[in-house]
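I have placed the structure first, in the form of structure tokens, so that the comments after it can refer back to it.
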Amino acid sequence: MAAAQKRDYYEMLSVPRTAAAEEIKSAYRKAALKWHPDRNPRDKHQAEERFREATEAYSVLSDPQKRAAYDRYGHAGISGVGFDAGFNRTIFEEFQDIFGDFFGFEEVLGGGRRGRSRVQRGADLRYDMNLSFEEAASGVTTKVKLPRLEFCEACNGTGAKAGTGVTACQSCAGRGQLHYQQGFFTVTRTCPACQGAGQVVRERCVECRGQGRIEKERTIELRIPPGVDSQTRLRVPGEGEKGANGGPPGDLYVVLEVKEHPFFERRNADLYCTIPISFAQAALGTEIFVPGLNGDEKLKIPEGTQTGSIFRLKGKGLPDPHGGGKGDLYVNVRVVTPGKMSREQRRLLEQLGATLQVENRPAERNSSLFEKVKDIFG
Ligand SMILES: [Zn+2]
Ligand SMILES: [Zn+2]
């Protein structure tokens, strides 16, 4: 509204320019009661306008500084010098008896912010995925089918049955918010009936049951990098649910569960396994083949190897999914004592035994495989 066309504040409150503060206050009370929107349901729009004007006039005329500026320069004196010509919050407190039961006066006074639709980011989705040990080791590209909420095309996302449109929410009169007076404070809450949209559908869209979004199965290609482990969480940006009212989509989180391997144990990128060797192989030394991720790996067992010895095959572990090289493969050898023997084997072993000397005294305590590796290679 241009300043030139704006009505005079004294006129709005029907008081003379010489009116005292008390007179102005009681004039405003009269005007506020007269034009209270709740008391003028038939002519709500005009009542709101008058109510807003009277409140603005009182905001200025009840403040000695603003009133002086207005008396000298008119509306220009208020708007030009940093004064806020709008309503003054203390009025709510002063006239609590008038405002107390009236929901939404802030919107009336503030010019209205109706029918706002809340833009909401879509929800994040979680997808649990099982991988074999080998898939996790080598990485895999796979397609997954996943149900997720999509924009309903039948109703263009409005949730309204075709041709029926929307109507202002009755609970909040289209404001999207409810106001409660609590003592001196006005508590504003999102309207639960329309979730703040200010409007509700007349008849629900049958396709999406009024939700505006609909569950559809989508196929998404996932690229799992090599070396992932259980509980690895991969984020796929933008593949979550679509946002409400044009909001951005959420993300998809793929949570991996990797099956255990029958004989490889895993610690980060390193692999551990235990290989049995015979007493003779341990004593004499030999070359064996141990199963690796990419086929068999040759391992030299030196002469006089003790049970529980650990050998490292460098770089034969898992790739680091963050791109930092490869882990190692640790082979723990266990010397197997022969059980059932033939008479001939027994005779030979007795002959050998007579020539071997071992001092039978307590040896060091055993530590765990991982600790041993740390001690030896750490
Ligand atoms: Zn629909
Ligand atoms: Zn509502």
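The values are calculated or read from the model by the stated rules, or taken from the named source; none is laboratory data. Note that this is a predicted model, so its numbers are computed, not measured. Note that we place each Cβ from the backbone using ideal geometry, even for glycine, and neighbour counts take in every protein chain shown. With ligands, DNA and RNA removed, areas are computed over all heavy atoms of the protein, side chains included. Shrake-Rupley method; radii C 1.70, N 1.55, O 1.52, S 1.80 Å.
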I'd like the full set of residues that are surrounded by 16 or more Cβ atoms within 10 Å (Cβ to Cβ), out of contact with any Ser or Thr (no Cβ under 6 Å at 6 or more places or on another chain) and farther than 30 Å from Glu135 by Cα, limited to region 284-306. Thr286, Thr305
Would you tally the residues in region 179-233 being at positive phi and in contact with a Phe, Trp or Tyr (Cβ under 9 Å, 6 or more places away or on another chain)? 1
Look at Val373 and say whether it is modelled with pLDDT of 90 or more and open to solvent by less than 40 Å² (accessible area, probe 1.4 Å). no
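Taking only region 178-236 into account, find how many residues are over 30 Å from Phe133 (Cα atoms) and among the polar types (S, T, N, Q).
8
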Please pick out the residue among Pro226, Pro237, Pro192 that is more than 16 Å from ligand 1 (Cβ to nearest atom), open to solvent by 30 Å² or more (accessible area, probe 1.4 Å), at pLDDT 85 or above and in contact with a helix residue (DSSP H, G or I) (Cβ under 8 Å, 6 or more places away or on another chain). Pro226
Looking only at region 15-26, which residues are in a helix (DSSP H, G or I) and touching a residue at least 24 places away in the same chain (Cβ under 8 Å)? Ala21, Ile24, Lys25
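Rundown of residues vs (1) more than 16 Å from ligand 1 (Cβ to nearest atom); (2) open to solvent by 30 Å² or more (accessible area, probe 1.4 Å); (3) in contact with a strand residue (DSSP E or B) (Cβ under 9 Å, 6 or more places away or on another chain), yes/no style:
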{"site": "Gln120", "(1), (2), (3)": "yes, yes, yes"}
{"site": "Asp128", "(1), (2), (3)": "yes, yes, yes"}
{"site": "Ser132", "(1), (2), (3)": "yes, yes, yes"}
{"site": "Gly139", "(1), (2), (3)": "yes, no, yes"}
{"site": "Glu153", "(1), (2), (3)": "no, yes, yes"}
{"site": "Asn156", "(1), (2), (3)": "no, yes, no"}
Scope region 244-257; condition under 20 Å from Ile220 (Cβ atoms) and either crowded, with 19+ Cβ neighbours inside 10 Å or β-branched (Val, Ile, Thr) (or both); matching residues: Pro249, Gly250, Leu252, Val254, Val255, Leu256
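Residue by residue, here is whether (1) free of Cβ contacts under 8 Å to residues at least 40 places away in the same chain; (2) open to solvent by 70 Å² or more (accessible area, probe 1.4 Å); (3) touching a helix residue (DSSP H, G or I) at 6+ places or on another chain (Cβ under 7 Å); (4) farther than 28 Å from Ala173 by Cβ holds:
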| position | (1), (2), (3), (4) |
| --- | --- |
| Tyr10 | no, no, no, yes |
| Leu13 | no, no, yes, no |
| Lys30 | yes, yes, no, no |
| Trp35 | yes, no, yes, no |
| His45 | yes, yes, no, no |
| Glu48 | no, no, yes, no |
| Ala54 | no, no, yes, no |
| Ser59 | yes, no, yes, no |
| Ala68 | yes, no, no, yes |
Residue pairs qualifying under the 8 Å Cβ cut-off, at least six apart or on distinct chains, with the first in region 251-262 being aromatic (Phe, Trp, Tyr) and the second being surrounded by fewer than 16 Cβ atoms within 10 Å (Cβ to Cβ), are Tyr253/Asp124; Tyr253/Arg126; Tyr253/Arg233; Tyr253/Arg235
In region 293-305, which residues are closer than 25 Å to Ser367 by Cα and either small (Gly, Ala, Ser) or out of contact with any helix residue (DSSP H, G or I) (no Cβ under 7 Å at 6 or more places or on another chain) (or both)? Leu299, Lys300, Pro302, Gly304
Residues satisfying the stated conditions in region 15-28, i.e. small (Gly, Ala, Ser) and loosely packed, with under 15 Cβ neighbours inside 10 Å: Ala20, Ala21, Ser26
Testing Val200 on (1) within 16 Å of ligand 1 (Cβ to nearest atom); (2) over 20 Å from Lys44 (Cβ atoms); (3) aliphatic (A, V, I, L, M); (4) at pLDDT 80 or above, one condition comes back false. Which one is that? (2)
Go through the residues of region 307-314 one by one and say whether even a single one is buried (at least 17 other Cβ atoms within 10 Å of the Cβ), touching a Gly at 6+ places or on another chain (Cβ under 9 Å) and without any contact (Cβ under 8 Å) to a residue 60 or more places away in the chain. no
Which one of the conditions (1) touching a Ser or Thr at 6+ places or on another chain (Cβ under 9 Å); (2) within 14 Å of ligand 2 (Cβ to nearest atom) does Arg223 fail to meet, given that it meets all the rest? (2)
Since Ala160 meets every condition but one in (1) open to solvent by 20 Å² or more (accessible area, probe 1.4 Å); (2) free of Cβ contacts under 8 Å to residues at least 60 places away in the same chain; (3) within 16 Å of ligand 1 (Cβ to nearest atom), which condition does it not meet? (1)
Subset of region 289-329 [at pLDDT below 90 and among the β-branched types (Val, Ile, Thr)]: none
Going through (1) part of a strand (DSSP E or B); (2) modelled with pLDDT of 90 or more; (3) among the charged types (D, E, K, R) one by one, Glu215 fails only at (2)
